[in-house]
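The values are calculated or read from the model by the stated rules, or taken from the named source; none is laboratory data. All values reported here derive from a predicted model rather than from experimental measurement. Heads up, the Cβs are rebuilt from the backbone with ideal geometry, glycines too, and the neighbour counts pull from every protein chain shown.
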Amino acid sequence: MNRHALGIIAAVLLVLGSITLYSGPQGGNSSTFASGCIRAGLFLGALWLALPQILSNFRRAPRWLMGFFVKSKASPTQSPEPVVKQPRPRRRSNS
């Protein structure tokens, strides 16, 4: 994840929500949109601040712990089955 892009998106959402809240139309939908933008901007801003620590925790975590949460298709203890190509059936003409 690109930290710079995350910070820019968070700042844009905060500015857009603030502008909509204070100078937008005074309807119910505009305040809902503004509050959603501000809430998402605050969340992304907190994620932007914590991103280096989150990434370092993922790098330090043991591989077996990561494998516990992310299931792989084939287990490493079993040998994969060899792929045997099957011949395709012949097509018959309708004429």
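Of note:
- Condition met for residue 21 (surrounded by 13 or more Cβ atoms within 10 Å (Cβ to Cβ), out of contact with any Asp or Glu (no Cβ under 6 Å at 6 or more places or on another chain), among the hydrophobic types (A, V, I, L, M, F, W, C) and modelled with pLDDT of 95 or more): no
- When restricted to residues that are at pLDDT below 75, assigned to a loop (DSSP other than H, G, I, E, B) and either touching a strand residue (DSSP E or B) at 6+ places or on another chain (Cβ under 8 Å) or over 24 Å from residue 3 (Cβ atoms) (or both), segment 56-80 contains 10.
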